[in-house]
Amino acid sequence: MKRILLPALCVLVFGCGLHAQVVDTTVCAVIKNPKSFDGKMVRIKATAAAGFDQFILKDGDCGAQVNGIWLDYPAGTKGKAGPAAVLELEPAHNFSGAYTAPARAEVTLQKDKDFKQFDSWLAQSHSETEDICLGCSRYEVTATFVGRLDGVADASLKRDANGKVIGFGGFGNMNAYPARLVLQSVSNPERKEVDFSASKKLTDSAQADQPASSSSGGHDPIAALQKATAAMGADPSSAAARKDAAAYGGPGQQNGVEVEYGAANEASSGAAGTLDSPDGVLYNCTFNMERLHGNALLVALIHMGQHITDLRGIVSDEYAPLYGLEYNAWVVTADMAVQQGYRYITLPGGTVFFAISWPAADRAHDMDSALTDFLAKEALLSK
């Protein structure tokens, strides 16, 4: 009897211990010192947003370069919510730096009614606009989140004197987030519909215009992208698009860029990859086809291609904050969207990024204003 009761008692005590170890905190407290929370179970009341290349918990501007905590489900969850696209880096088989896979406690997700409601709401795309709205979710969801917090003191990649990556940074898109929450539970979710009235007003007034192209890109999206960019002009923006399309390599070429199609919302194991790469780094791109229809996939591919081009061309991360990388990528994304026939481009959160009805002389200024506003207020990034 004692041999039966003792393990049961240990389980009970251990369970109570885990419960007692949950730390109540805030998004800004974590962002201020993410390393101090590493490995801890935390409870945070925050707002979750699923954008184009974001899946984050946020609570306003915390005064940091990256003002959000990346959100991941445990492996095997098969949830629906998450970013429309994401680029995650990992050491290749031939990585020359020192790397040890992190050892982290497993998290079991409580797939209860609150989680299913949260996941369902956040997975709903905004679909009223007739033109492109990359990664635009219909709702943001405020709730109380409990999970394992993974944190690092510095999320930047570590490079040698020649610019070669020899150490990895944080989490999420481009491994640029210093903190990540691997979700255990969600409670009391409340949704808020995102305001897309400015975009709707523009597109409603343009119903008589020629509709944008809606090609699916064929069975090989990469080949379709490279064909589309090859047909573009000789101007600098077209040349940049061809370079970004070439970042994915040719058929059968192993250049370190891996592309998958599906939801990108689960925590990776952190283990090194099994494939080689020219620079010792694997660039893993995932595109959620449920949120990228028709030519939107080609536009999304250009966005991530620009990220790969930038990351492979950088000599020092001192000159590569996430703000600048996203700014560059959205500019190229807009060029590609216009080339594909889109007349209005809306960003997550409802910001109108481009409108064919804007006076041509004002477009560059208006686009810069819209993008800087989006990056600061919606993406919560600073220079």
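Readers should treat all values here as calculations from the given coordinates under stated rules, not as data from a laboratory. On a predicted model such as this, the values are computed, not experimentally measured, just so you know. Counting neighbours? That spans all protein chains shown, and the Cβs are built from the backbone with ideal geometry, glycine included.
Quick one: TRP121, TRP70, TRP358, fewest Cβ neighbours within 10 Å first, how do they rank? Kindly include the intermediate steps, with their values, before the conclusion.
Values: TRP121 23, TRP70 26, TRP358 17.
Ordered by Cβ neighbours within 10 Å, fewest first: TRP358, TRP121, TRP70.
Report the calculated FRET efficiency for ALA223 and ALA75 (r = Cβ-Cβ distance, R0 = 41 Å), to the nearest 0.05.
0.85
Considering only DSSP beta bridges with both partners in the chain, what is the antiparallel share in %, to the nearest 5?
75 percent
Provide the gained length on full extension for the span SER120 to GLN253, in nm with one decimal, where the gain is 0.36 nm per separating residue minus the Cα-Cα distance.
Working: separation 133, 0.36 × 133 = 47.88 nm, distance 3.80 nm.
Once the chain is fully extended between SER120 and GLN253, it gains 44.1 nm.
For a 21 Å ceiling on Cα separation, which of these pairs sit above it: LYS45/LYS158; LYS45/LYS192; LYS80/LYS243; LYS35/LYS116; LYS113/LYS377? Please list the in-between numbers first.
On the way: LYS45/LYS158 32 Å; LYS45/LYS192 15 Å; LYS80/LYS243 32 Å; LYS35/LYS116 30 Å; LYS113/LYS377 31 Å.
Where the Cα-Cα span goes over 21 Å, the pairs concerned are LYS45/LYS158; LYS80/LYS243; LYS35/LYS116; LYS113/LYS377.
Per the helix-only calculation at 222 nm, which mean residue ellipticity applies to the chain, given -39500 (n - 2.57) for every DSSP H run of n ≥ 4 and division by its residues, nearest 500 deg cm²/dmol?
On the way: 9 runs with 116 residues, N = 383.
Helices in the chain give a 222 nm mean residue ellipticity of -9500 deg cm²/dmol.
Using Cα atoms only, what is the angle between the long axis of helix 113-123 and the major principal axis of the chain, expressed in degrees (0 to 90) to the nearest 10?
20 degrees
What is the magnitude of the charge dipole of the chain about its Cα centre, with +1 placed on the Cβ of each Lys and Arg, -1 on the Cβ of each Asp and Glu, and no other charges, expressed in debye to the nearest 20?
1200 debye
Based on other C-beta atoms within 10 Å, arrange ASP362, ASP53 from fewest to most.
Lowest count first: ASP362, ASP53.
Between SER197 and ASP366, what FRET efficiency comes out of the Förster formula 1/(1 + (r/R0)^6) with R0 = 30 Å and r the beta carbon distance, rounded to 0.05?
Efficiency, rounded to the nearest 0.05: 0.95.
Within a 10 angstrom radius of the beta carbon, how do SER120, SER96 rank from fewest other beta carbons to most?
Lowest count first: SER96, SER120.
Under a plain spin-label model, where a point goes 7 Å from the Cα along Cα-to-Cβ, how far apart in nm are SER269 and ASP160?
For the pair SER269/ASP160, the computed spacing is 2.8 nm.
Estimate the FRET efficiency between LYS383 and THR108 by the formula 1/(1 + (r/R0)^6), using the beta-carbon distance for r and 45 Å for R0, to the nearest 0.05.
Details: r = 39 Å, r/R0 = 0.88.
Step by step, r from the Cβ atoms, then E = 0.70.
Where does helix 221-230 land angle-wise versus the long Cα axis of the chain, in degrees 0 to 90, nearest 10?
30 degrees
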